Amino acid sequence: MNQGKGWVLIEAFFNTGENRFLSILSSRRSPDYVKQYMEQKYIDSYASIEEKFLYKKQPRRWPYPSAPYDKKYPYVLRCGHEPLFIAMYCHKLELKGGNQLYYSYKYFKGERHGHATFKEMVECVDVN
């Protein structure tokens, strides 16, 4: 059943290829809000207490700030480094089998003849 739109936040481990579900945020949230949320969640999960104090005082000095994968399309965001937090603005969310979240989003491929081109992505992650 289609659950509508929203931001899906996952944790990607490149060494193992594992993706872990973290959160769903309202589709009404702006990319800037999602970036701040991702940074704080990453810092809460992985930063030492010294790094947390540094971030509190000087957030721009944080070495792994959240940012769009492509500046022209701010609806796929990243934050951190091994693991990497990834947020995608999804136009279709479906829960299947009780614990499989299927999410569809667009990925910016580039421009062709002055128009943006996108690739439709459909992925799945366990929510348990």
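A short reminder: the numbers here are calculations on the coordinates, not readings from a lab. The shown structure was predicted, so the numbers you read here are calculated from the model rather than taken from an experiment. Here the Cβ is made from the backbone with ideal geometry for all residues, glycine too, and neighbour counts use every protein chain on show.
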Helix-only [θ] at 222 nm, the chain, -39500 (n - 2.57) per DSSP H run of 4+, per residue, nearest 500, equals -6000 deg cm²/dmol
Rounded to the nearest 0.05, FRET efficiency between His113 and Ser27 (Cβ-Cβ, R0 22 Å) equals 0.15
Diffusion coefficient in µm²/s returned for the chain by Stokes-Einstein, Kirkwood Rh over C-alpha pairs, 20 °C and 1.002 mPa s, is 138
Expressed in angstrom and ordered largest first, the alpha-carbon extents of the stretch 49-97 along the principal axes are 42, 31, 18
Too long for a 28 Å Cα-Cα cut-off, among Lys35/Lys57; Lys56/Lys106; Lys52/Lys109; Lys52/Lys72; Lys5/Lys52, are Lys56/Lys106; Lys52/Lys109; Lys52/Lys72; Lys5/Lys52
Here the relative contact order (percent) of the chain, from C-alpha pairs under 8 Å and at least 6 apart, is 28
